[in-house]
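> Here you go, one structure.
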């Protein structure tokens, strides 16, 4: 299995993906503190201290060298340098070459295709650079915007797990999407 050591920034048509930095606190707080952003994702609204802790801890990673690690990258508008969201690649298994993606964006920038553009770059990193065989996205069925992103990326919905788990105090139906490396290669 490969390791992932991207050359930063990772460029897309309109975005630069880069490791998060300590001076990103305010930009991250602008969306990660909002209850409507956190409603269907596996974290509660964040405050400044929690974001600073994450920036000093798990979000400080700039490469993936072994399974069980994750890489969170900030999505920055190339023309302004403004951080508008973040994407994550989880490396779940070296043996099975499996991973997962996630994405969280400032709703002030919704509807412009930025999440799809950034997540597509992360799929490329996972498949082409890390050598993953399968990448999944798991989400709450009520998160319709996230499901639209997964479909635009070309991920196939493989499962709908009804009342799969207690999520934030209520039963949640989980959708599971996936793509294989050979499907990515044919895109």
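> Does segment 41-59 contain at least one residue that is touching a residue at least 40 places away in the same chain (Cβ under 8 Å) and over 27 Å from residue 175 (Cβ atoms)?
Looking through segment 41-59, none of the residues is touching a residue at least 40 places away in the same chain (Cβ under 8 Å) and over 27 Å from residue 175 (Cβ atoms).
> OK, next. Could you list all residues from segment 105-122 that are closer than 11 Å to residue 87 by Cβ and assigned to a helix (DSSP H, G or I)?
114, 115, 116, 117, 118, 119, 120, 121, 122
> Now a separate question. Does residue 165 satisfy being modelled with pLDDT under 95 and within 27 Å of residue 44 (Cβ to Cβ)?
yes
> Among 117, 144, 128, which is closer than 21 Å to residue 71 by Cβ, modelled with pLDDT of 95 or more and out of contact with any strand residue (DSSP E or B) (no Cβ under 9 Å at 6 or more places or on another chain)?
128
> Restricting attention to segment 106-118, and to residues there that are in contact with a helix residue (DSSP H, G or I) (Cβ under 6 Å, 6 or more places away or on another chain) and under 14 Å from residue 16 (Cα atoms), which single residue is surrounded by the most Cβ atoms within 10 Å (Cβ to Cβ)?
If we take residues in segment 106-118 being in contact with a helix residue (DSSP H, G or I) (Cβ under 6 Å, 6 or more places away or on another chain) and under 14 Å from residue 16 (Cα atoms), then 115 is surrounded by the most Cβ atoms within 10 Å (Cβ to Cβ).
> Among the residues of segment 82-94, write down those that are more than 16 Å from residue 43 (Cα to Cα) and either in contact with a helix residue (DSSP H, G or I) (Cβ under 7 Å, 6 or more places away or on another chain) or touching a residue at least 40 places away in the same chain (Cβ under 8 Å) (or both).
Of everything in segment 82-94, those that are more than 16 Å from residue 43 (Cα to Cα) and either in contact with a helix residue (DSSP H, G or I) (Cβ under 7 Å, 6 or more places away or on another chain) or touching a residue at least 40 places away in the same chain (Cβ under 8 Å) (or both) turn out to be 82, 83, 84, 89, 91, 94.
> Taking residue 34, is it more than 15 Å from the chain's Cα centre (by Cα) and within 29 Å of residue 170 (Cα to Cα)?
Yes: the conditions hold for residue 34.
> To continue, here is another question. Could you grab me the full set of residues in segment 146-160 that are assigned to a helix (DSSP H, G or I) and surrounded by 15 or more Cβ atoms within 10 Å (Cβ to Cβ)?
146, 147, 149, 150
> Are there any pairs with C-beta distances below 9 angstrom linking a residue in segment 143-171 that is in contact (Cβ under 8 Å) with a residue 40 or more places away in the chain and at negative phi to a residue that is surrounded by 13 or more Cβ atoms within 10 Å (Cβ to Cβ) and assigned to a helix (DSSP H, G or I), with the two at least 6 apart or on different chains, and if so which?
These pairs meet every condition: 146/115; 149/115; 149/116; 149/119.
> Right, residue 97: farther than 15 Å from residue 129 by Cα and either within 17 Å of the chain's Cα centre (by Cα) or at pLDDT 95 or above (or both) or not?
No.
> Now for a separate question. Is it fair to say residue 18 is more than 15 Å from residue 129 (Cα to Cα) and touching a residue at least 40 places away in the same chain (Cβ under 8 Å)?
Criteria met by residue 18.
> Residue 132 - would you say it is in contact (Cβ under 8 Å) with a residue 12 or more places away in the chain, within 27 Å of residue 61 (Cβ to Cβ) and in a loop (DSSP other than H, G, I, E, B)?
Yes.
The values are calculated or read from the model by the stated rules, or taken from the named source; none is laboratory data. Just so you know, these numbers come straight off a predicted model, no measurement behind them. We place every Cβ from the backbone using ideal geometry, glycine too, and count neighbours over all the protein chains shown.
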